[in-house]
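Read through the structure below, which is laid out as structure tokens, and then see the notes.
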Amino acid sequence: MRKTITLQEFIMDAQAEFPFVSGQLTRLLTDLGVAAKIVNHQVNRAGLAGILGEAGSENAHNEAQQKLDVFADRTFMRILTAGKSVAGIGSEEQEDYILCGDQGKSGKYVVMIDPLDGSSNVDVNVSIGTIFSILRRVTPMGEALSDQDFLQRGTEQVVAGYILYGSSTMLVYTTGSGVNGFTLDPAVGEFFLSHPKMQFPETGSIYSINDALLSEANPATQRFIAGCREAPELGFKSRYIGSLVTDFHRNLIKGGIYLYPSTKSNPNGKLRLCYECAPLAFLALQAGGAAEDDLGSILGKLPENLHQRSPFYVGSVHLIQGLRSCWMENQ
Ligand code: AHG
Ligand code: MN
Ligand code: MN
């Protein structure tokens with residue numbers, strides 16, 4: 001019988017293989033797994049919130065019931081702050097970054113997070129996710145963190161991953177040596193390794209874009225999508241859920257390309273560089289896929305601010321190459 005490996009065992013084995021990996025990172029990854037289970041539990045109860053929340057709409061701690069993305073944000077903040085390995089957190093839900101204990105003077109790592117991605121899908125019971133990115137602090141230990149600790153290139157990521165709250169709940173992450181996916185068994189409350197060494201198929205037949213943006217999108221994107229549509233022999237399918245994590249995950253398994261383009265009214269697109277594009281780009285490259293913005297590398301971009309937006313194209317290498325050819329034709 002095949003041995004089942006839990007997320008915790010997997011993290012510990014990885015630490016043993018790389019003696020230079022500190023216990024702090026192991027602790028941090030473990031904490032992310034714990035927070036994922038708490039948020040998952042709440043996500044699963046989302047449809048009941050209106051019924052169970054009727055009595056004054058307060059939870060067990062006498063707090064007013066929160067929207068799920070605030071709940072997710074608070075949960076990750078609380079658990080990561082308590083763990084001592086995180087010096088600071090940049091979150092989609094917070095205007096400015098948060099310094100953890102002692103003004104961020106201790107703790108080796110900085111976390112960037114989209115606590116709940118695709119949250120407009122919560123009300124209609126469609127899969128949503130969490131995206132996270134872990135960076136090493138740049139400021140020496142013992143000093144207060146500054147902007148430069150948060151505004152780092154994607155190439156500096158130590159870990160990137162996501163949690164997908166879907167028909168099953170999965171945690172998928174990379175530490176820079178491949179991508180592994182774990183599925184939560186709700187009966188025992190453990191993540192088990194279910195998708196070892198995930199790989200983007202080299203090509204695929206899925207394109208994912210918000211079709212309503214197309215008339216406004218840059219000409220390369222327009223040409224690429226027209227090419228997919230005008231060649232029925234290629235068998236392209238359009239699939240767009242509107243939860244980035246979910247669209248990314250499907251394309252990673254089946255092969256495809258996700259596009260959130262620059263448009264006339266939004267030259268930087270919509271998605272955020274630090275906690276949406278960069279972590280998914282790192283995962284894509286680690287899984288043998290590719291990721292770009294209008295000009296080239298996503299991972300090489302130095303963010304100017306925490307919530308900076310970026311056009312984003314990610315998926316199977318052949319499809320990204322096809323898109324790149326459309327940019328060339330344009331010049
Ligand atoms: P978030 O819920 O974190 O704000 O992210 C929403 C994002 C992403 O998940 C999704 O792919 C995209 O917005 C959808 O945007 P459109 O509705 O413009 O297609
Ligand atoms: Mn998001
Ligand atoms: Mn979000």
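Assorted remarks:
- In terms of Cα atoms, the Rg and Dmax of region 219-275 work out to 12.9, 38 Å.
- Using 0.36 nm per residue and subtracting the Cα-Cα separation, the extra length available between Val138 and Glu9 on full extension is 43.5 nm.
- Here, region 7-195 yields an orientationally averaged convex hull projection of 11.5 nm² when only Cα atoms define the hull.
- Taken one residue at a time, the phi angles of region 206-212 give Karplus couplings (6.51, -1.76, 1.60, θ = phi - 60°) of 10, 10, 10, 8, 6, 4, 5 Hz. Gly and Pro are set to x.
- Cα-centred dipole magnitude for the chain, charges only on beta-carbon of K, R (+1) and D, E (-1), debye, nearest 20: 620
- Annotation for Gln103 and Asp123: the two label points, set 7 Å from Cα along the Cα-Cβ direction, are 4.4 nm apart.
- Efficiency of FRET from Cβ geometry, Glu95 and Gln24, R₀ 30 Å, rounded to 0.05: 0.65
- Potential lengthening of the chain between Glu233 and Asn266 amounts to 8.5 nm, from the contour at 0.36 nm per residue minus the alpha-carbon distance.
- Cα centroid separation, region 248-267 to region 216-247: 8 Å.
- Taking a ≥ b ≥ c as the square roots of the eigenvalues of the alpha carbon gyration tensor, region 112-227 is oblate, as a/c is not under 1.5 and a/b does not beat b/c.
- Residues Lys67, Lys37 arranged by fewest to most Cβ contacts within 10 Å: Lys67, Lys37
- For the chain, the calculated P(r), taken from all Cα-Cα distances in 20 Å bins from zero up to the bin holding the longest distance, is 31, 57, 11, 0 percent.
- Projecting the Cα positions of Leu244, Ile209, Leu299 onto the charge dipole of region 206-330 (unit charges on Cβ atoms of Lys, Arg, Asp and Glu, taken about the Cα centre) puts Leu244 furthest along the positive direction.
- Two tests apply to each whole DSSP H helix in the chain, Cα reach of 30 Å or more along its axis and mean Kyte-Doolittle hydropathy of at least -0.5, and the ones passing both are 23-44.
- Choice from Met77, Met198, Met141 showing the highest fluctuation, given a GNM over the chain with Cα pairs closer than 10 Å: Met141
- Where labels lie 7 Å past Cα in the beta-carbon direction, separation of Ala226 and Gln148 in nm: 4.7
- A crude spin-label estimate for the pair Val34 and Ser297, with each label 7 Å from Cα along the Cβ direction, gives 3.7 nm.
- Taking Cβ atoms as reference points and 12 Å as the exclusive limit, the residues near Ile79 contribute a net charge of +3, counting Lys and Arg as +1 and Asp and Glu as -1.
Read the figures in this text as sums done on the coordinates, not as results from a lab. Since this is a predicted model, take the numbers as computed values, not measurements. Cβ atoms come from the backbone with ideal geometry, glycine included; neighbour counts cover every protein chain shown.
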